[in-house]
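**Q** Below: one structure in structure tokens.
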Amino acid sequence: MKTSLLLFFFSFLLLSQSQAQQNYTWEEYGIAFSLADDFKETTNNIEEFSAVGDGMNMSIIPFKDADVDDADITVYTMAIAASLELGRIDDVNVIDVNGFNGGYAEGEKDGAKIFIMGLIDPDSDTNFFVIITFQDQDANAIDEAIHICRSIQKI
């Protein structure tokens, strides 16, 4: 009985967390993504989409470059990380997410964890940088940042 109750409780928590998402479409660039329901848009124009959630900030910044490739986006992503003067860089990887190629880095500055992801749209000259910040060591925020990154897709 106790095991069944615990299983029900954890299933309920997972279900309620998975449904507590807002879906966004950035029509200007033909992309969609989802954010937790506590996020509020702060900027939504042709140059940037930004939102703030409970202890998190995220931005998507487009840039045009038809010649960028996988190697370039990794270099660009690292250049952005360097320009932010991150205290440490924990991870640098090449990624393939929902039709985008790119790279990402994780770093830390002043107690904040920073995810930087560069995405190449192989069908367009418009590419994107995604920057997500939150308090370092916040496991829930890490999971949410991963969810945001994995949710970005072309429409």
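**Q** From the list 50, 83, exactly one residue is under 14 Å from the mean Cα position of the chain (by Cα) and closer than 16 Å to residue 131 by Cα. Which is it?
**A** Checking each option against the conditions leaves just 50.
**Q** Could you tell me how many of the residues in region 34-72 are modelled with pLDDT under 80 and touching a strand residue (DSSP E or B) at 6+ places or on another chain (Cβ under 6 Å)?
**A** 1
**Q** Now a separate question. Say we look at region 133-155 and pick out the residues that are of a type in the set (A, V, I, L, M, F, W, C) and within 17 Å of residue 116 (Cβ to Cβ); which of these is surrounded by the fewest Cβ atoms within 10 Å (Cβ to Cβ)?
**A** Looking at residues that are of a type in the set (A, V, I, L, M, F, W, C) and within 17 Å of residue 116 (Cβ to Cβ), I get 146.
**Q** Another question, if that's okay. Within region 42-72, work out how many residues are more than 28 Å from residue 139 (Cβ to Cβ) and surrounded by 17 or more Cβ atoms within 10 Å (Cβ to Cβ).
**A** Total satisfying the criteria: 2.
**Q** Evaluate the following for residue 154: is it over 27 Å from residue 25 (Cβ atoms) and over 11 Å from the mean Cα position of the chain (by Cα)?
**A** The answer is no for residue 154.
**Q** Something else now. Taking region 19-41, which residues are part of a loop (DSSP other than H, G, I, E, B) and either crowded, with 16+ Cβ neighbours inside 10 Å or out of contact with any Gly (no Cβ under 7 Å at 6 or more places or on another chain) (or both)?
**A** Hits for region 19-41 are 20, 30, 37, 39.
**Q** Condition test on residue 89, is it at negative phi, in contact with a Leu (Cβ under 9 Å, 6 or more places away or on another chain) and among the hydrophobic types (A, V, I, L, M, F, W, C)?
**A** no
**Q** What do you reckon, is residue 41 on the phi > 0 side of the Ramachandran plot, out of contact with any Asp or Glu (no Cβ under 6 Å at 6 or more places or on another chain) and not basic (Lys, Arg)?
**A** no
The values are calculated or read from the model by the stated rules, or taken from the named source; none is laboratory data. Keep in mind that this is a model prediction, so the values were computed, not measured. Don't worry about glycine lacking a Cβ; one is built from the backbone with ideal geometry, like all the others, and counts go over all protein chains shown.
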